[in-house]
Amino acid sequence: MKIVGLSIDKGRVAASVVVTGLRQTEFKDSFNRSFATDAELVGILKERAADWAGARIVSSIPGYHFSQRIVHFPFSDHKRIEKALPFEIEDSVPFPLDDVEIDHLVLDKPEKGSEKKKEISVLGIILPKAVLRQHLDLLASAGIDPQVIVPSYVGLYFVSKMIPVEGSAILIDGSDLCVKSGNKVTTCRSFSTTGA
């Protein structure tokens, strides 16, 4: 399966292409280009779209467009978290939940074989529907239909899980950061670098 990771932020578009098989994952291609207008960006993406036909497209939106809340649950089942999360965050967000998309990232899971029940830390991720629609419309105008949309810091989250840390550490990539304590990622964030 071909997977394309696409990143668009502040006048720069980048992509990496990997092919996964039964026993290996192979890095195939990447590019990083600047653009001045949406029309120029669409042109760049159209040039590449034919090469990505049939691929799984994972597109990131800059993390500073997202709001987030860390909540704790006594279970780690994806469906149960998905159902419970809106009720847990409803009183702590300053906008109607009908105007946003909600997803989550489990920051830590109980270790296999662990007998003690423990609370699971979950990062509730909230994105305005208008931001998502604008992103999807831009990609559609270039002939690209992503299967997955993620905050930009999710990539750093997965990389940080692979890096051994003694004590605590902050891992930074551009405006994205993850805080890690021992083997546990405790939070991920993005900061807008504009002066506004």
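The values are calculated or read from the model by the stated rules, or taken from the named source; none is laboratory data. Everything numeric in this text was worked out from a predicted model, so none of it was measured. A quick note on method: Cβ atoms are made from the backbone with ideal geometry, for glycine too, and the neighbour counts reach across all protein chains shown. Ligands, DNA and RNA are excluded from the accessible area calculation, which covers all protein heavy atoms including side chains. Shrake-Rupley method; radii C 1.70, N 1.55, O 1.52, S 1.80 Å.
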Pick from region 1-14, criterion touching a strand residue (DSSP E or B) at 6+ places or on another chain (Cβ under 9 Å) and outside any strand (DSSP E or B), ranking: farthest from Asp173 (Cα to Cα): Met1
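Quick grid of which residues meet (1) of a type in the set (Lys, Arg); (2) in contact (Cβ under 8 Å) with a residue 40 or more places away in the chain; (3) under 25 Å from Pro96 (Cα atoms):
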site: Ile125; (1), (2), (3): no, yes, yes
site: Lys129; (1), (2), (3): yes, no, yes
site: Arg133; (1), (2), (3): yes, no, yes
site: Ala140; (1), (2), (3): no, no, no
site: Asp145; (1), (2), (3): no, yes, no
site: Pro151; (1), (2), (3): no, yes, yes
site: Ile170; (1), (2), (3): no, no, no
Any hit, region 10-28, residues being of a type in the set (Gly, Ala, Ser), open to solvent by 80 Å² or more (accessible area, probe 1.4 Å) and more than 16 Å from Leu139 (Cβ to Cβ): no
Single residue of Phe31, Phe75, Phe35 found to be touching a helix residue (DSSP H, G or I) at 6+ places or on another chain (Cβ under 6 Å) and among the aromatic types (Phe, Trp, Tyr): Phe35
